[in-house]
Amino acid sequence: MSHLRKVVLRNVIKKRKPRKGLFPQIQIISMKNILIVTLLFLTSGLFTFGSSLGKDSLRRIKHREKIVVVQNTNVADVFNYMDRIGNTGEHMTKKSMAMMGGKLKLTQLTENVTGVNSKYRWTGKTMGFKMDFTVITTQWEKDHNKVLETTGPAKMIILDWYRMKLVVDQAGEDTRANLSIDYTKPRKFFFRSVGFFLAKPYANWCLEKMLYDTRDHFQEIASKQPSAIVKIK
């Protein structure tokens, strides 16, 4: 037992006092002190949030994928727009139900805005919990594909680690954008329980927001363009 736990237990448990009844040796502990002790043990290690993917997580990787076809656009334009995390990650900088009332701030960590090894840091709060994680681009091919993932220690609630892959191809006069995410759920019991219910819908929401916001961006540019054809896996 850690020194902190010993100190708390010593302080919250009152000295034994004689008590009438069948069990005179039972200690009288206030409900407030019981709550303190309970929370102490439940939260031991609770805030060791996520981390970068380790070998022991490989069995738990989940995969989601969605596709959008934006009409009357070329690959270069769509890729350049989606390649900038400030465009596709805008939904995380605004309060919403999916963000549980929270929002995050994006900070560029490298000189290069895009390309291999470009890094960004997300910070903020969601549900009152601190969020702090870094993403790095690990693969990048101009006008075609991009892979980025979380790196280093990560403080996240619903996910433990994630990797996103973008692939864009020309489809006649249109552009086909395929966006997927691989992720693992949190390791700690409390956050893993939250992730059990919310990880899948949250991953779907992120993919949809990134793709649909891109589609809407180009539809706004090309006024009165027919709606994009959306295919979902």
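The values are calculated or read from the model by the stated rules, or taken from the named source; none is laboratory data. The shown structure was predicted, so the numbers you read here are calculated from the model rather than taken from an experiment. Every residue, glycine among them, receives a Cβ derived from its backbone with ideal geometry; neighbour counts consider all protein chains shown.
Taking the options GLU141, GLU173, GLU208, name whichever one is free of Cβ contacts under 8 Å to residues at least 40 places away in the same chain, at negative phi and assigned by TED's automatic domain parsing to the domain that holds GLN71. Step through it out loud before you land on a result.
Values: GLU173 fails: free of Cβ contacts under 8 Å to residues at least 40 places away in the same chain; GLU208 fails: free of Cβ contacts under 8 Å to residues at least 40 places away in the same chain.
GLU141 is the lone residue from the list that is free of Cβ contacts under 8 Å to residues at least 40 places away in the same chain, at negative phi and assigned by TED's automatic domain parsing to the domain that holds GLN71.
Can you go through LYS125, LYS119, LYS105, LYS94 and tell me which one is more than 24 Å from ARG187 (Cα to Cα) and in contact with a Gly (Cβ under 6 Å, 6 or more places away or on another chain)?
Details: LYS125 fails: more than 24 Å from ARG187 (Cα to Cα); LYS119 fails: in contact with a Gly (Cβ under 6 Å, 6 or more places away or on another chain); LYS94 fails: in contact with a Gly (Cβ under 6 Å, 6 or more places away or on another chain).
Selected residue: LYS105, the only one of LYS125, LYS119, LYS105, LYS94 that is more than 24 Å from ARG187 (Cα to Cα) and in contact with a Gly (Cβ under 6 Å, 6 or more places away or on another chain).
Specify the residue that is nearest to VAL194 (Cα to Cα); the eligible residues are those in the stretch 98-129 that are among the basic types (Lys, Arg) and surrounded by 13 or more Cβ atoms within 10 Å (Cβ to Cβ). Here the answer is LYS125.
Being of a type in the set (S, T, N, Q), free of Cβ contacts under 8 Å to residues at least 60 places away in the same chain and farther than 18 Å from LYS165 by Cβ: is that true of THR93 here? It is true that THR93 is of a type in the set (S, T, N, Q), free of Cβ contacts under 8 Å to residues at least 60 places away in the same chain and farther than 18 Å from LYS165 by Cβ. Cβ-Cβ contacts under 8 Å between residues 6 or more apart (or on different chains), taken from a first residue in the stretch 149-169 that is over 22 Å from ASN117 (Cβ atoms) to a second residue that is surrounded by fewer than 21 Cβ atoms within 10 Å (Cβ to Cβ) and at pLDDT 95 or above, are listed as LYS155/ASP132; ASP169/VAL75; ASP169/HIS144; ASP169/ARG176; ASP169/ASN178.
Condition check ((1) assigned by TED's automatic domain parsing to the domain that holds GLU149; (2) over 20 Å from VAL135 (Cα atoms); (3) assigned to a loop (DSSP other than H, G, I, E, B); (4) modelled with pLDDT of 50 or more) across all residues:
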site	(1), (2), (3), (4)
PRO18	no, yes, yes, no
PRO24	no, yes, yes, no
ILE34	no, yes, no, no
ILE67	yes, yes, no, yes
ALA76	yes, yes, no, yes
PHE79	yes, no, no, yes
MET82	yes, no, no, yes
SER96	yes, yes, yes, yes
GLU111	yes, no, yes, yes
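Scan the stretch 170-198 for residues that are hydrophobic (A, V, I, L, M, F, W, C), at pLDDT below 90 and surrounded by fewer than 22 Cβ atoms within 10 Å (Cβ to Cβ) and jot them down. Quick ask: steps written out before the conclusion?
Quick first cut of the stretch 170-198, residues hydrophobic (A, V, I, L, M, F, W, C) only: 171, 177, 179, 181, 189-191, 194, 196-198.
Of the ones still in play, those that are also at pLDDT below 90 are 189-191, 194, 196-198.
Of everything in the stretch 170-198, those that are hydrophobic (A, V, I, L, M, F, W, C), at pLDDT below 90 and surrounded by fewer than 22 Cβ atoms within 10 Å (Cβ to Cβ) turn out to be PHE189, PHE190, VAL194, PHE196, PHE197, LEU198.
The residues in the stretch 152-191 that are in contact with a helix residue (DSSP H, G or I) (Cβ under 6 Å, 6 or more places away or on another chain), among the hydroxyl-bearing types (Ser, Thr, Tyr) and closer than 18 Å to ARG84 by Cα can be counted, and the count is 1.
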